[in-house]
Amino acid sequence: MKCVIGNQVVLSRPPEGPLAAQIGSFAKSVSEQGYSLASIHRRVLLAACFSRWLKQKGVGLRSICSDHLVLYLRYRARHRRPCEGDAAALRHLIDFLRREGLVPAEKKPTCQQTPAERCAEAFGQYLLEERALAHTTIINYVPFIRCFLEGRFGAGRVVLSRLRASDVVRFVQRQAPRLHMKRAKLMTTALRSFLNYGRYLGEVALDLAAAVPIVANWSMTSIPRAISADHVRQLLASIDRSTAVGRRDYAILLLLARLGLRSGEVAFLELDDIDWNAGQVRVRSKGGQRNTMPLPIEVGTAIAAYLRRGRPTTDSCRVFLRAKAPTRAFRGASGVGSLVRHSLERAGIHAATKGTHQFRHGLATEMLRQGASLGEIGELLGHRHPQTTKIYTKVDIKALRTLALPWPGGVR
C-alpha cells in the first residue's frame with residue numbers, strides 16, 4: 001500500500017516506528033528550505049527507514065540520540081550500498097526533531113578550562129561587550145593572549161600583577177620571527193589591548209602596553225592591488241542576469257564596485273537597512289559602527305530586481321541569501337569572497353588577487369584619478385583614521401614613466 005508524504009513523496013508503504021507521525025512535517029520543513037524534489041525524497045525515505053529500524057530496536061522517540069545514527073548507518077551499509085549524503089541527511093532529521101522539542105538536546109561534555117583559557121575568554125568578552133569590537137577581530141586576538149598567558153603562567157593560576165616588561169618583550173621576540181609581518185603586527189596590537197585591559201581591571205599597575213616591541217613596518221611599501229575599471233566592466237557584463245543567482249551576484253558585485261563595501265558589510269546587510277524613499281543604505285562597518293551611504297540608482301535597481309525576481313521566500317531579514325539549499329543567509333564574509341572568486345574565474349579575468357578588497361582599492365584609485373580628495377575617499381570607504389586612506393597616495397613608477405617628457409638634450 002503506497003503512502004503519499006506532503007503531496008510530493010510517495011513511499012511504498014506507510015511509515016512505522018517512533019518517527020512515523022513526524023515524517024510529514026519533516027518533509028514540509030525540508031521543502032521550505034529550498035531543497036530539490038530528489039533531495040526531499042531521499043531525506044524522507046531515509047527518515048522512514050531509520051524509524052523502522054528504531055522500532056525494531058525498541059527505541060522510543062525521546063531516547064533517540066546521535067549514537068543511533070552511527071549504529072543505523074553501519075546496519076544500512078551491510079545491506080545496501082551507502083550514499084555519501086546519508087549521514088548529513090540523518091543529522092538534518094535529528095536537528096529538526098530537536099528544534100521541534102521532540103528529541104532532547106545532547107549535553108556536550110564540558111572541558112575543564114585552564115586559568116589561561118578562562119582569562120583569555122574573559123578578555124574576549126570584554127572586547128565584545130565593552131569595546132564593541134567585531135567578532136573576527138576578537139577571534140584573531142584571543143589565541144595570541146591565551147598563548148602569552150600559557151607561556152608565562154603555564155597551567156597555574158593567572159596573576160596579572162606578576163607580569164613584567166621582560167615577559168612581554170620575551171614573548172614578542174620568540175613569536176614574531178615565526179609569523180608573517182601582518183600577523184606579527186596583529187599579535188602586538190592584541191597584546192597592547194590585553195595589557196590595557198589588565199590596567200582597566202586594576203590588576204596591572206604599570207603601563208606594560210608601552211613595553212610591547214614595535215614590529216618593523218615599512219609604511220606604504222607596495223601599491224594596493226586594485227581591480228581595473230575595464231575588468232569591473234568585463235566582470236559585470238559576464239553575469240547572466242536572466243537567472244535568480246545572476247541577479248543576486250550582479251547586485252553584490254555592484255555594492256562592492258560602486259560603494260566599496262567590505263565583504264562582511266554585504267553579507268550582513270538587512271532589508272531594513274535600505275531606505276528606498278531616501279535612496280540610502282545603512283552599513284554595519286567594523287567596530288560596530290553604522291554608516292549611512294547614498295544608494296546609487298544602478299545599485300538600487302539591481303537589488304530591487306533580485307528582491308522581486310530572485311530572492312527565495314524566507315523569514316530571514318538578510319538581503320542576500322545562499323543559492324543552494326538550505327535557503328539561508330551567508331554565514332559570514334567568506335560566502336561573498338567565494339562568490340567573487342568564482343565570478344572572476346568564469347569571466348576569465350586573471351587578477352593579481354581574487355579577494356573582495358580589490359574592489360575597494362579599485363574604487364579609491366578611480367576616485368583619486370578623477371580628482372577626489374583623500375577626505376572624500378576616506379568618508380566613502382568608512383575609514384576612521386586619515387592614515388588608512390594615505391595608502392592610496394602611493395605612486396606606481398611604471399605608470400609615471402609613460403608620462404615622463406623626453407630629455408631635452410636627447411640620449412647619447
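Brief remarks follow.
- The stretch 271-321 and the stretch 21-50: distance between their alpha carbon centers, rounded to Å: 33 Å
- Calculated SAXS-style log₁₀ I(q)/I(0) at q = 0.11, 0.17, 0.20 Å⁻¹ - the stretch 67-156, Debye, Cα scatterers: -0.62, -0.82, -0.90
- Full-extension gain in nm, residue 159 to residue 290, via 0.36 nm per residue minus C-alpha separation: 43.4 nm
- When each of 185/354; 28/354; 107/182; 28/57; 324/354; 185/324 is checked by Cα-Cα distance, pairs over 30 Å: 28/354; 107/182; 185/324
- Sites residue 45 and residue 315 - FRET efficiency at Förster radius 25 Å, r taken between beta-carbons, to 0.05: 0.35
- The length gained on full extension between residue 125 and residue 55, counted as 0.36 nm times the residue separation minus their Cα-Cα distance, comes to 20.6 nm.
- Computed over the alpha-carbon atoms, the stretch 266-367 gives an Rg to Rh ratio of 0.96, Rh here being the Kirkwood radius from the mean inverse distance.
- Take the Cβ atoms of residue 280 and residue 63, set R0 to 56 Å, and the FRET efficiency comes out at 0.55.
- With all projection directions averaged, the alpha carbon convex hull of the stretch 133-264 covers 11.9 nm².
- Label-point separation in nm, residue 210 to residue 170, each point 7 Å along Cα→Cβ: 2.3 nm
- Extending 7 Å from Cα along the Cβ direction at residue 179 and again at residue 203 yields two label points whose distance is 2.1 nm.
- In a fully extended conformation the segment linking residue 244 and residue 140 would gain 33.9 nm over its present Cα-Cα distance, using 0.36 nm per residue.
Throughout, read-outs are computed from the coordinates displayed, never taken from laboratory work. Remember, it's a predicted structure, so these values are computed and weren't measured experimentally. Reconstructed Cβ throughout: ideal geometry from the backbone, glycine too, with neighbour counts over all protein chains shown.
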